[in-house]
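Quick note: the coordinates plus some simple rules give every number you see, no bench work behind them. None of the values given here were measured: they were computed from a predicted structure. Using ideal geometry, Cβ is built from the backbone for each residue, glycine included, and neighbour counts are taken over all protein chains shown.
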Amino acid sequence: MSVKNKVVVIVGASSGIGEATAKLLAQNGAKVVLGARRAKRLEQLVNAITQDGGQAVYQTTDVTKPDEIKNLVQKAKTAFGGIDVIYNNAGIMPTSPISALHTDEWNAMIDINLKGVLNGVAAVMPDFVAQKHGQIITTSSVAGIKSFPGSGVYGATKFAVRNLMEVIRMESAQEGTNIRTATIYPGAINTELLHTITDDAAAKRMQQQYNRVGISPDAIARVVNFAIDQPEDVNVNEFTVYPTKQG
Ligand code: NDP
C-alpha cells in the first residue's frame with residue numbers, strides 16, 4: 001500500500017513543513033486530515049487541495065489538549081473511514097540562552113514539542129494496535145541530534161521525541177503490532193518558525209543564517225512522502241535533511 005489512498009493525519013499543518021507535506025501527499029492521492037490552531041489557514045489549505053482534485057478535511061486542534069487530537073483522529077475516521085498515518089509536526093522554537101530564564105517558553109516548548117507528540121501517539125495507539133497497522137512520523141530537528149547554544153530546551157524536546165519514536169518502533173516489533181515510526185531531523189527550512197523566537201539577538205542571528213542557507217519545506221514533504229510510500233515491511237526510521245549550504 002503506497003501513499004495513494006492512505007489516510008494521513010497531519011498535526012501542525014497550517015504553515016511551513018506541514019502545509020507543504022499536506023499538498024504533496026494529497027497530490028499523490030493520500031486523504032489528508034489537517035490539524036493546527038489557525039482555522040482560517042487550514043480552511044484555505046483544504047480549499048486549495050480540493051480545487052487541485054485532492055481530498056482533505058480539517059479540524060482546529062491544539063496539540064496541548066489531548067481531547068482535541070483525539071477529535072482530529074475521529075475526524076479522519078468519520079471523513080475517510082480510518083487512519084493509516086499520523087505526522088506529529090507541530091512545534092515552536094523560541095530559542096534563547098538558558099541564563100535568560102525564559103521559563104514560560106521552556107514550558108510551552110515542552111507542552112507543544114514533546115507532550116504534543118505524546119498526545120498524538122496516545123490518540124492513534126488504540127487504533128494502530130487493534131488494526132496491527134499504522135505509521136507515526138515526527139519532526140525532530142538537527143537540534144535533536146546535536147547540541148547548539150540557545151537550543152537547550154528546544155533541543156531537549158527534540159532529543160526526547162527521537163527516543164520516543166525509536167522505542168515505539170522497537171516495542172511494536174516485539175509486540176507484533178506492525179507500527180512503523182520515522183523521525184525527521186531538518187536543518188534550516190524557510191517557514192514561519194522563526195516568528196516564535198522572542199529573544200531579539202537570537203532571532204536576528206537565526207534569520208541571517210536562514211537567509212543565507214535556508215531551503216523550501218518541500219524538501220521535508222518529499223521525505224515524509226518517501227517514508228509513507230515504503231512497503232509495509234520496510235521501516236525507514238531516520239532522515240537528516242540539511243540544506244546543501246548549511247555547514
Ligand atoms: P511553522 O511555524 O511554519 O509551522 C509550525 C506548525 O506547528 C504550524 O502549523 C502551527 O500551527 C503548529 N503549531 C504550533 N503550536 C501548535 C499547537 N499548540 N497546536 C497545534 N499546532 C501547533 O514552522 P515549521 O514548518 O518549520 O515547523 C514544523 C516543525 O518542524 C516543528 O516541529 C519544528 O520544530 C520543526 N523544525 C523546523 C525547522 C526549520 O528550520 N523550519 C528545523 C528543524 C525542525 P498553528 O500556529 O496554526 O497552531
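Numbers at a glance
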| item | result |
| --- | --- |
| Acute angle (nearest 10 degrees) that the helix 16-27 long axis makes with the longest principal axis of the chain, alpha-carbon atoms | 20 degrees |
| Equivalent-ellipsoid semi-axes of segment 1-100, from the Cα gyration tensor, Å, largest first | 24, 15, 13 |
| Listed peptides 31-42, 57-68, 10-21 by packing density, highest first (mean Cβ within 10 Å) | 10-21, 31-42, 57-68 |
| Cα Rg, Dmax, segment 117-157, angstrom units | 14.3, 43 |
| Over segment 100-207, relative contact order from alpha-carbon pairs under 8 Å, at least 6 apart, % | 29 percent |
| Segment 174-247 pair-distance distribution - Cα-Cα, 10 Å bins, rounded % | 17, 38, 26, 15, 5 |
| Relative contact order [Cα under 8 Å, 6+ residues apart], segment 187-247, whole percent | 47 percent |
| Over segment 10-96, relative contact order from alpha-carbon pairs under 8 Å, at least 6 apart, % | 32 percent |
| Ordering of 210-216, 130-136 by burial proxy (mean other Cβ atoms within 10 Å per residue, highest first) | 130-136, 210-216 |
| Dmax and Rg, reported as Rg then Dmax, of the chain (C-alpha, Å) | 17.1, 51 |
| Relative exposure of Lys115, Lys245, judged by other C-beta atoms within 10 Å (fewest first) | Lys245, Lys115 |
| Cα radius of gyration and Dmax for segment 61-187 (Å) | 15.3, 49 |
| Cα centre as origin, Lys/Arg/Asp/Glu Cβ charges: segment 60-141 dipole, Debye | 300 debye |
| Helix axis angle, 39-51 relative to the chain longest principal axis, alpha carbon, degrees | 50 degrees |
| Helix axis angle, 66-80 relative to the chain longest principal axis, alpha carbon, degrees | 40 degrees |
| Viscosity 0.890 mPa s, temperature 25 °C, Stokes-Einstein D of segment 49-126 from Kirkwood C-alpha radius, µm²/s | 173 µm²/s |
| Hydrodynamic radius (Kirkwood) for segment 152-191, which is based on Cα pairs only, to one decimal in Å | 11.6 Å |
| Of Lys158/Lys245; Lys75/Lys204; Lys31/Lys115, pairs whose Cα-Cα distance is over 31 Å | Lys75/Lys204 |
| Space enclosed by the convex hull of the alpha-carbon atoms of segment 117-247, per residue, Å³ | 113 Å³ |
